[in-house]
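Enquirer: Shown below is the structure under consideration.
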Amino acid sequence: ARAQGVTRASSSGLRSTGRSAVVHSTAYNSTLGQTDSTPFITATGTRVRSGVVALSRNLLGRFPYGTRLTIEDLSGRYSSYLRGRVFTVEDTMNVRISNTVDIWMVSRGEAMSWGNRNTRITAVQ
């Protein structure tokens, strides 16, 4: 499965920068209980939308705002949501959270279905 993912990424024109990390992954949507007082605005001032991710603050040094990432599910469950997608780091998380990528999703139901899992994030050009 990993070899197929590498082949897909290569054939899509994406090239790894060599920066990757195995991190915990969660999902969020724009509700006040999951965000600050501006639930539709990211830390960089853009509007949330499909393809936006938030990183824990300890990861922003390696993957700063604007970094384009691929996300590989390491949980053993296949997620078609990730296939062929590139995500952009535009948001951050509460300071208490570390080593985590948080994927923005349209609905609370989608975010709950994602749950939490281990993933590998890789910066791409």
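Enquirer: Of the residues that make up segment 112-119, is at least one of a type in the set (F, W, Y) and either open to solvent by 50 Å² or more (accessible area, probe 1.4 Å) or part of a strand (DSSP E or B) (or both)? Steps first, please.
Expert: Kept after step one, since they are of a type in the set (F, W, Y), are these residues of segment 112-119: 114.
From what is left, the residues that are either open to solvent by 50 Å² or more (accessible area, probe 1.4 Å) or part of a strand (DSSP E or B) (or both) are none.
Scanning segment 112-119, I find no residue that is of a type in the set (F, W, Y) and either open to solvent by 50 Å² or more (accessible area, probe 1.4 Å) or part of a strand (DSSP E or B) (or both), so the answer is no.
Enquirer: In segment 67-82, what residues are over 14 Å from H24 (Cβ atoms), of a type outside the set (A, V, I, L, M, F, W, C) and surrounded by 12 or more Cβ atoms within 10 Å (Cβ to Cβ)?
Expert: Those that are over 14 Å from H24 (Cβ atoms), of a type outside the set (A, V, I, L, M, F, W, C) and surrounded by 12 or more Cβ atoms within 10 Å (Cβ to Cβ): T67, R68, T70, S79, Y81.
Enquirer: While we're here: Go through segment 12-47 and give me each residue that's within 16 Å of V86 (Cβ to Cβ), surrounded by fewer than 15 Cβ atoms within 10 Å (Cβ to Cβ) and either at pLDDT 70 or above or polar (S, T, N, Q) (or both).
Expert: Let us first name the residues in segment 12-47 that are within 16 Å of V86 (Cβ to Cβ), namely 12-17, 19-20, 25, 46.
Next, from what is left, pick out any that are surrounded by fewer than 15 Cβ atoms within 10 Å (Cβ to Cβ): 12-13, 15-17, 19, 46.
Across segment 12-47, the qualifying residues are S12, S16, T17, R19, T46.
Enquirer: On to the next question. Which ones in segment 92-111 are outside any loop (DSSP other than H, G, I, E, B) and closer than 17 Å to N58 by Cα? If you could, list the steps in order and put the result at the bottom.
Expert: Let us first name the residues in segment 92-111 that are outside any loop (DSSP other than H, G, I, E, B), namely 92, 100-104, 108-111.
Within segment 92-111, T92, T100, V101, D102, I103 qualify.
Enquirer: Checking the condition within 13 Å of the chain's Cα centre (by Cα) and open to solvent by 20 Å² or more (accessible area, probe 1.4 Å), which residue from S50, S107, S56 passes? Explain how you work it out, then say what you get.
Expert: On the way: S107 fails: within 13 Å of the chain's Cα centre (by Cα); S56 fails: open to solvent by 20 Å² or more (accessible area, probe 1.4 Å).
S50 is the lone residue from the list that is within 13 Å of the chain's Cα centre (by Cα) and open to solvent by 20 Å² or more (accessible area, probe 1.4 Å).
Enquirer: For segment 54-70, does any single residue satisfy the condition of being outside any loop (DSSP other than H, G, I, E, B), touching an Asp or Glu at 6+ places or on another chain (Cβ under 9 Å) and at pLDDT 95 or above? Please lay out each step first, then the result.
Expert: As a first pass, look at segment 54-70 and keep what is outside any loop (DSSP other than H, G, I, E, B): 54-55, 57-59, 68-70.
Among the residues that remain, those that are also touching an Asp or Glu at 6+ places or on another chain (Cβ under 9 Å) are: 54-55.
If we keep only those that are at pLDDT 95 or above too, we end up with 55.
The answer is yes, given that some residue of segment 54-70 is outside any loop (DSSP other than H, G, I, E, B), touching an Asp or Glu at 6+ places or on another chain (Cβ under 9 Å) and at pLDDT 95 or above.
Enquirer: Out of (1) in a loop (DSSP other than H, G, I, E, B); (2) modelled with pLDDT of 75 or more; (3) surrounded by 15 or more Cβ atoms within 10 Å (Cβ to Cβ), the odd one out for V89 is which?
Expert: Unmet for V89, out of (1) in a loop (DSSP other than H, G, I, E, B); (2) modelled with pLDDT of 75 or more; (3) surrounded by 15 or more Cβ atoms within 10 Å (Cβ to Cβ): (1).
The values are calculated or read from the model by the stated rules, or taken from the named source; none is laboratory data. Just so it is clear, the structure is predicted and the values come from calculations on it, not from any experiment. Virtual Cβ from ideal backbone geometry, glycine too; neighbours counted across all protein chains shown. Please note that ligands, DNA and RNA were not included when accessible areas were found on the heavy atoms of the full protein model with its side chains. Shrake-Rupley method; radii C 1.70, N 1.55, O 1.52, S 1.80 Å.
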